[in-house]
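Asker: My questions all concern the structure below.
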Amino acid sequence: MNYNEPLLWEKVNGITVGYSMPELSVVESFPQSKHQRGSISIPGFSEPVIARHFTKLSTWNYGVDTDIYPLGSCTMKYNPKINEKIATLNGFINSHPLQDDSYSQGVLEVLYQTGEALKEITGMDGVTLQPAAGAQGELVSLLMFKKYHRSRGDFKRDTILIPDSAHGTNPASASLCGFKVKVVKSNEEGILTSEIVKSCMDESIAGIMITNPGTLGIFESNIKEICDIIHDGGGLVYGDGANLNALLGVIKVGHVGIDAMHMNLHKTFSTPHGGGGPGAGPVCVKSHLIPFLPVPRVIKTSSGYKMDSNTPLTIGRVHSFNGNFSVILKAYAYILTMGGEGLKHVSEIAVLNANYIRQNLKDFYHLPYKKDSLHEVLFTDKIQKEYGISTLDIAKGMIERGIHPPTIYFPLVVSGALLIEPTENESLDSLNNLINILREIAELAKDSPELLLNAPNNSKRCRVDETRAAREPILRGYI
Amino acid sequence: MRYLSHSSNEIEYMLGIIGKKSIDELFDSIPKSLQLEKGLNLPKPISEWELESYFNKISKDDGLQKSYLGGGIYNHFIPSIIPYLTSRSEFLTSYTPYQPEISQGTLQTQFEFQTYISTYLGMDYSNSSMYDGATSFVEGVLLSVRVNKSKKVAVSMGINPHYLDVLKTYSQGADLEIIYLELNKDGKTDLDSIENISELASISIQSPNYFGVIEDQEKVKPIIGSNCTLFISVFTEILSFGLFQPPGFYNADLACGEAQSFGLSQNYGGPCLGIFGFKKDFLRAVPGRLVGQTIDKNGNRSFSLTLATREQHIRREKATSNICSNQGLCVVSATIYMSLLGGEGLKRLASINFSNSEYLKKGLINLGCSLKYESETFNEFLVKFPKTFDMNLFKKYKIIPGYKIDEYYLITVTEVLTKIDMDEFLLIVREGV
Amino acid sequence: MSNFPQDLMYAKTHEWVKKDGDVYIVGISDFAQSQLGDIVYVDLPGVGTKLESGDSFGELESSKAVSEINMPFSGEIIAVNNELTDSPELINSEPYSSWIIKIKADSEDDFNKLLNSDEAKKIIEG
């Protein structure tokens, strides 16, 4: 069924209050100052009107519960329902961050135990749960790197090495930390080599940021040697945990030489993406970085859990309070559900699914890197380009056929990238459906490219003019 | 493993297609020397029922007290329809709306949010949200540093101390020179000293400030005069603008703060909802996501993310911020909240909050408590209990009487507290004195 | 195939330069605009700015990409094409009449060191 729904302020009669206003039980007071506000031109509506408005809008969205969401590097896995239920328990939602620790023992247990589990999963020694997202976890890590070097009297390290295939957040975070960025090129196989890293290493290098497996879905097999080179040169190694879903129970990054790593709880640990957030980006560190972790941190004492700020060298606080508690809670529930063996199974099946897709599509789409894929596989539009069909057209063709496209045009180092990450949750039917659709599109590209150029036609909106949105920005309505 | 879908036969079949003998072979690209020999030292998997009972058990004693805490996180009623609608999987389990054709629900909601927030704050525009009030404030300061090419910034000591902490953390990267503006005896920021400071990138004032005091923000722009210094108006209690003038009224360049009050639970302080309102002059300098209106191929009104060239995934180290997400689901909550209340409802609710807190404030004064600041406040005020009063009495009644700041308590009152609650509070003080 | 008019000279970073008396007019090539896609915004420098050869003097944005525009040689910017502020799409439709800046060169020789149209064509076909 197709229906429209106007913007809220286009509805008539927006003067209702659809909220159960409490009785004023005390004598009414009025502001005495010149600062009192007059009327506010925001329309209000009854509860049923609002129920319909947002229900209608929601049906124009596609979610993980709709079908496969194979966004590479985003790990759009299933969001367990029990975790949502747990996150609504009164004791959790009614806890105020400034209440005494003795009133927050359940909350603090969740934080402490989540931290312990993440340390075990990464093989690290310390943790902060405060970063509100992966990008903030990166920032926290690099600020710690900076402070670590300075605490040793080393002030000349002003540059961070970043592979050319890295997420944009890596250079942006480095820059926000006041570092210069030096790009390291990966080789023709799509990985970093010891030689390249060695040639970049000198006394100006504060550290390197490595995503492993890289954004091409390939394991950085020289990681140990690279960590050694950086450490020998006095630098530190940051691990971008965006792709951790490939490695649970398979390797521990702490054993490999990583000094600090963020994890995206909304990727690897199943918390919902919510149409853009909230996420959470805890950071695990090796012992030499513990003194620099953000405060406060939860500790376990003989008299229970406590929030502790006694960390003189800390980089400080990065969140209004203690990070996105309810997101952390859901991740903890997921870890408990899966257990150690379940988490390993997650990575195994995620890798199996990605390779199954790779094997079934490699004759239809160009595979720019031949090395083994882990949890995601990278194709390009090179073959389809010859018929005038680009990655964008392939993506829109998938929408027309009822499934969400993969990540497109990322990583930037590959022209026309299509990065597919199925995750461990997809059934064989679901994987085959994706494969069949992409095969059909590959055929169409040859035979009837115009059908793809015009797609999609059956979604709520046909192809949206994003150029127009940027050329003449309309960022709000006027009420 | 109820979240995994393959049978062992299917796994065998898939391995056969791939041409691998075992799952282990799929990991051959990882040097054997790096691979774990032992499994993770974590507990065994547990059932849904065990899980629920564990969390029921550990959470049952938390958050039971009658709380007068605020200071950045506020306890307000949340209409049931908000968690109901936000638990719809299309809102909950979708990604960032990069494919607009199948994301119009998220996009229209965020466009409505941008419209409601900018209208409510009296600003030209709002982005589609930041992590929380603290990072929104810091991003505002960093914007001022970028556009004015000066690292000198002035911030009021009336800003939430956690927000100032976060600024200090970020300033280690940005190398800022932070000038702290003291509060006068009336609890309002001392603005006189600013006139002698040159090349200031921005002045940040919070109102109502950390101590609940309504600041005289109309004085800020005249002091700045023709300088290009930005005025950043900060807030932690967005409901206050139901009753008091919003940042735009004072010609603020940026309005940065927190909207947890609009439909989000306290949740031990997160997730929050960072608000970033701005004047149109800064459109290309702002951090975070923006949703814009456009049309589709058939000319139908559509929405999409826009001006993405500011962001990290395109501009990398030259981006306006490293932020890569927003608080999408919290935006849905706040938009529903605002559209249920409307302007009239927000005014009324703010008035109830104000009246409640004035009632308790006056009651406490009558019992011999003293205020730190006499100025007008919204919802929160700083009070000293008589020396003879034993604060431990509150514990007996399961009341958290506010947040202790030196010899004072920051007491916060919202609509969830009734006259009966406050009379009990007053009675305890009367008896204790 | 992108065209490279014979009467213009080209920088390796795909700017074209036209000599007009002692003033040099700069825009971007047909090839460059086609690579960038629909241009939505042009960030122009201030008149009077002095820059070195290869320095970025502005930016071109499409909806999904941003590209710096570079000085073909050292000099002072003496005019900018303000028409592009409102109509950035002109660079797509008429790349060779949509000039971006005018430069007073530090050295007259620099112009002759640029690529001619055949050489510029070779680079992209390379």
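Every number here is computed from the coordinates shown, using simple stated rules; none is lab data. Values in this document were obtained by computation on a predicted structure and should not be read as measured data. Methodologically, a virtual Cβ is constructed for each residue, glycine included, from the backbone with ideal geometry; neighbour enumeration extends over all protein chains shown.
Asker: Hey, in the GNM for chain C with a 10 angstrom Cα cutoff, which one of C:GLY58, C:GLY37, C:GLY21 fluctuates hardest?
Answerer: C:GLY21
Asker: Ok, one more. Once the Cα gyration tensor of the protein assembly as shown is diagonalised, what are the square roots of 5 times its eigenvalues, in whole Å and ordered largest first, as equivalent ellipsoid semi-axes? If you can, show how the numbers build up before the last one.
Answerer: Numbers: eigenvalues 411, 256, 168 Å².
Listed largest to smallest, the semi-axes of the protein assembly as shown are 45, 36, 29 Å.
Asker: For region B:56-116, what D do you get in µm² per second when you plug the Kirkwood radius from alpha-carbon pairs into Stokes-Einstein at 20 °C and 1.002 mPa s? Walk me through the numbers on the way to the answer.
Answerer: Details: Rh = 15.1 Å.
Reported coefficient: 142 µm²/s.
Asker: A follow-up question, please. For every helix of n ≥ 4 consecutive DSSP H residues, a contribution of -39,500 (n - 2.57) applies; sum these over chain B, divide by its total residues, and give [θ] at 222 nm rounded to the nearest 500 deg cm²/dmol.
Answerer: Values: 12 runs with 147 residues, N = 433.
For chain B, the value works out to -10500 deg cm²/dmol.
Asker: Two decimals is fine: what's Rg over Rh for region B:47-86, C-alpha atoms, Kirkwood radius as Rh?
Answerer: Working: Rg = 14.5 Å, Rh = 13.2 Å.
Rounded to two decimals, Rg over Rh is 1.10.
Asker: If you don't mind, there's one more thing I want to ask. If we restrict to alpha carbons, what Rg and Dmax does region A:83-338 come to, in Å?
Answerer: Taking only Cα atoms of region A:83-338, I get Rg and Dmax of 18.0, 57 Å.
Asker: If you place +1 on the Cβ of every Lys and Arg and -1 on the Cβ of every Asp and Glu, how big does the dipole about the Cα centre of region A:83-338 come out, in debye to the nearest 20? Don't skip to the end; give the middle numbers.
Answerer: Values: 21 positive and 23 negative charges, 106 e Å.
Taking the Cα centre of region A:83-338 as origin, the dipole is about 520 debye.
Asker: Shielding of A:134-141 by partners, i.e. mean partner chain Cβ atoms within 10 Å per residue?
Answerer: Mean partner-chain Cβ count within 10 Å for A:134-141: 3.
Asker: Order B:272-279, B:151-158, B:224-231, A:346-353 from most to least packed using the mean count of other Cβ atoms within 10 Å. Each step should come with its number before you reach the end.
Answerer: Numbers: B:272-279: 28.0, B:151-158: 21.6, B:224-231: 17.0, A:346-353: 25.8.
Answer by packing, highest mean first, reads B:272-279, A:346-353, B:151-158, B:224-231.
Asker: Return B:LEU143, A:LEU453, B:LEU85 ranked ascending by Cβ neighbour count within 10 Å, so the fewest neighbours appear first.
Answerer: Details: B:LEU143 25, A:LEU453 16, B:LEU85 22.
In increasing order of surrounding Cβ atoms, one gets A:LEU453, B:LEU85, B:LEU143.
Asker: When the convex hull of the C-alpha atoms of region B:66-150 is computed, what volume per residue in Å³ does it have?
Answerer: Numbers: hull volume 14.0 nm³, N = 85.
Per residue, the Cα convex hull of region B:66-150 comes to 164 Å³.
Asker: Averaged over peptide A:203-215, how many Cβ atoms belonging to another chain are found within 10 Å of each residue's Cβ?
Answerer: Working: counts 0, 0, 0, 0, 0, 0, 0, 0, 0, 1, 2, 0, 0.
Per residue, the number of nearby Cβ atoms from other chains is 0 on average.
Asker: In square nanometres and to one decimal, what's the mean projected area of the convex hull around the Cα atoms of region A:111-205?
Answerer: On the way: hull surface 29.8 nm².
Convex hull of Cα atoms, orientation-averaged projection: 7.4 nm².
Asker: Which one of A:TYR3, A:VAL140, A:TYR369 has its Cα pushed farthest toward the positive end of the charge dipole of chain A, where Lys and Arg give +1 and Asp and Glu give -1 at the Cβ?
Answerer: A:VAL140
Asker: Fewest to most neighbouring Cβ within 10 Å: what's the order for C:ASP86, B:ASP165?
Answerer: Working: C:ASP86 9, B:ASP165 18.
Placing the least packed residue first, the sequence is C:ASP86, B:ASP165.
Asker: Run the simple label-point estimate for C:ASP22 and B:ASP61 please: 7 Å along Cα→C-beta, distance reported in nm.
Answerer: 8.7
Asker: Shielding of C:55-66 by partners, i.e. mean partner chain Cβ atoms within 10 Å per residue? Could you put the intermediate results ahead of the total?
Answerer: Numbers: counts 0, 0, 0, 0, 4, 1, 9, 6, 15, 9, 6, 8.
Across the residues of C:55-66, the mean count of other-chain Cβ atoms within 10 Å is 5.
Asker: Under the rule that an exposed site lies in a DSSP loop and has at most 16 other Cβ atoms within 10 Å, name the longest stretch of chain C with no trypsin sites (Lys or Arg not before Pro) of that kind, not counting the sites themselves.
Answerer: Numbers: sites that count: C:LYS12, C:LYS113.
Segment C:13-112 is the longest.
Asker: Continuing with the same structure: Using the Cα atoms of region B:256-324, I'd like the radius of gyration and the largest Cα-Cα distance, Dmax, both in angstrom.
Answerer: Rg and Dmax of region B:256-324, Cα atoms, are 15.3, 47 Å.
Asker: Another question, if that's okay. Cα to Cα, under 30 Å, and not fewer than 8 places away if on the same chain: which lysines meet these conditions relative to A:LYS11?
Answerer: Cα-Cα hits under 30 Å: A:LYS56, A:LYS460, B:LYS279, B:LYS280, B:LYS297, B:LYS347.
Asker: Within chain B, what is the longest stretch that has no GluC sites (Glu not before Pro) placed in a DSSP loop and near at most 13 other beta-carbon atoms within 10 Å? Intermediate values should be presented prior to the final figure.
Answerer: Details: sites that count: B:GLU37, B:GLU182, B:GLU199, B:GLU374, B:GLU407.
That would be B:200-373.
Asker: Out of the trypsin sites (Lys or Arg not before Pro) in region B:1-74, which ones are loop residues according to DSSP with at most 15 other C-beta atoms within 10 Å?
Answerer: Numbers: sites: B:ARG2, B:LYS20, B:LYS21, B:LYS32, B:LYS38, B:LYS57, B:LYS60, B:LYS66; in loops: B:ARG2, B:LYS20, B:LYS21, B:LYS38, B:LYS60.
Listed in order of number, the matching sites are B:ARG2, B:LYS21, B:LYS38, B:LYS60.
Asker: Report the dimensions of chain B along its three principal axes from the alpha-carbon atoms, largest first, rounded to Å.
Answerer: Largest to smallest, the principal-axis extents are 82, 57, 50 Å.
Asker: What is the sum of charges, Lys and Arg at +1 and Asp and Glu at -1, for the other residues whose Cβ falls under 11 Å from the Cβ of C:GLY27?
Answerer: Working: positive: C:LYS18, C:LYS102; negative: C:GLU15, C:ASP30, C:GLU94.
With Lys, Arg at +1 and Asp, Glu at -1, the neighbours total -1.
Asker: Further question on the same structure: Once the convex hull of the C-alpha atoms of region A:341-464 is built, how many Å³ does it hold per residue, rounded to a whole number?
Answerer: Once divided by residue count, the hull of region A:341-464 is 112 Å³.
Asker: Roughly how many debye, to the nearest 20, is the charge dipole of the protein assembly as shown about its Cα centre, given +1 on each Lys and Arg Cβ, -1 on each Asp and Glu Cβ, and no other charges?
Answerer: On the way: 97 positive and 123 negative charges, 384 e Å.
Roughly 1840 debye, rounded to the nearest 20.
Asker: Still on this structure, I have one more. So what's the net charge close to B:ILE82: Lys and Arg +1, Asp and Glu -1, counting the other residues with Cβ under 12 Å from its Cβ?
Answerer: Numbers: positive: B:ARG88; negative: A:GLU47.
Counting the neighbours of B:ILE82, the net charge comes to 0.
Asker: In terms of the Cα gyration tensor, with a ≥ b ≥ c the square roots of its eigenvalues, is region A:267-382 rounded because a/c is under 1.5, prolate because a/b exceeds b/c, or oblate?
Answerer: Values: a/c = 2.60, a/b = 2.23, b/c = 1.17.
Cα axes put region A:267-382 in the prolate bin.
Asker: Compute the distribution of all C-alpha to C-alpha distances in chain A, in bins of 10 Å from 0, and list the percent of pairs in each, rounded to whole numbers.
Answerer: Final binned percentages: 4, 17, 25, 24, 19, 9, 3, 0.
Asker: Further question on the same structure: Hey, if you put +1 on the Cβ of every Lys and Arg and -1 on every Asp and Glu Cβ in region C:9-109, which of C:ALA32, C:SER87, C:GLY46 ends up farthest toward the positive end of that dipole?
Answerer: C:ALA32
Asker: Under unit Cβ charges (Lys, Arg +1; Asp, Glu -1), what dipole magnitude, rounded to 20 debye, does region B:81-338 have relative to its Cα centre? Provide the component values of the computation, followed by the final result.
Answerer: Details: 20 positive and 25 negative charges, 159 e Å.
Magnitude of the dipole: close to 760 debye.
Asker: Tell me whether region B:81-338 comes out rounded, prolate or oblate; compute the Cα gyration tensor, take square roots of the eigenvalues as a ≥ b ≥ c, and use a/c under 1.5 as the rounded threshold. Display every interim value, and only then the final one.
Answerer: On the way: a/c = 1.93, a/b = 1.53, b/c = 1.26.
Prolate.
Asker: I'd like to know which of B:ILE314, B:GLY269, B:LEU283 lies farthest towards the positive end of the charge dipole of region B:81-338, counting +1 on Cβ of Lys and Arg and -1 on Cβ of Asp and Glu.
Answerer: B:ILE314
Asker: Tell me the net charge near B:GLY39. Cut-off is 15 Å between Cβ atoms, B:GLY39 excluded, with +1 for each Lys or Arg and -1 for each Asp or Glu. Walk me through the numbers on the way to the answer.
Answerer: On the way: positive: A:LYS252, A:LYS344, B:LYS38, B:LYS44; negative: A:GLU120, A:GLU341, A:GLU348, B:ASP24, B:GLU37.
Neighbourhood net charge equals -1.
Asker: Please go through the residue pairs B:LYS361/B:LYS387; B:LYS60/B:LYS361; B:LYS151/C:LYS64; A:LYS119/A:LYS286; A:LYS77/A:LYS344; C:LYS19/C:LYS113 and name each one whose alpha carbons sit more than 20 Å apart in this structure. Don't skip to the answer; put the middle values down first.
Answerer: Values: B:LYS361/B:LYS387 18 Å; B:LYS60/B:LYS361 32 Å; B:LYS151/C:LYS64 30 Å; A:LYS119/A:LYS286 9 Å; A:LYS77/A:LYS344 15 Å; C:LYS19/C:LYS113 13 Å.
In this structure, B:LYS60/B:LYS361; B:LYS151/C:LYS64 exceed 20 Å between Cα atoms.
Asker: Once fully extended, how much extra length lies between B:LYS362 and B:GLU25, figured as 0.36 nm per residue of separation less the alpha-carbon to alpha-carbon distance?
Answerer: Here the answer is 113.9 nm.
Asker: Moving on. Considering region B:147-283, what Rg and Dmax in Å follow from its alpha-carbon atoms?
Answerer: Values for region B:147-283 (Cα only, Rg and Dmax): 14.6, 44 Å.
Asker: Determine the principal axes of the Cα atoms in region C:9-109, then give the extent along each, sorted from largest to smallest and rounded to whole angstroms.
Answerer: Projected onto its principal axes, the Cα set of region C:9-109 covers 36, 24, 21 Å.
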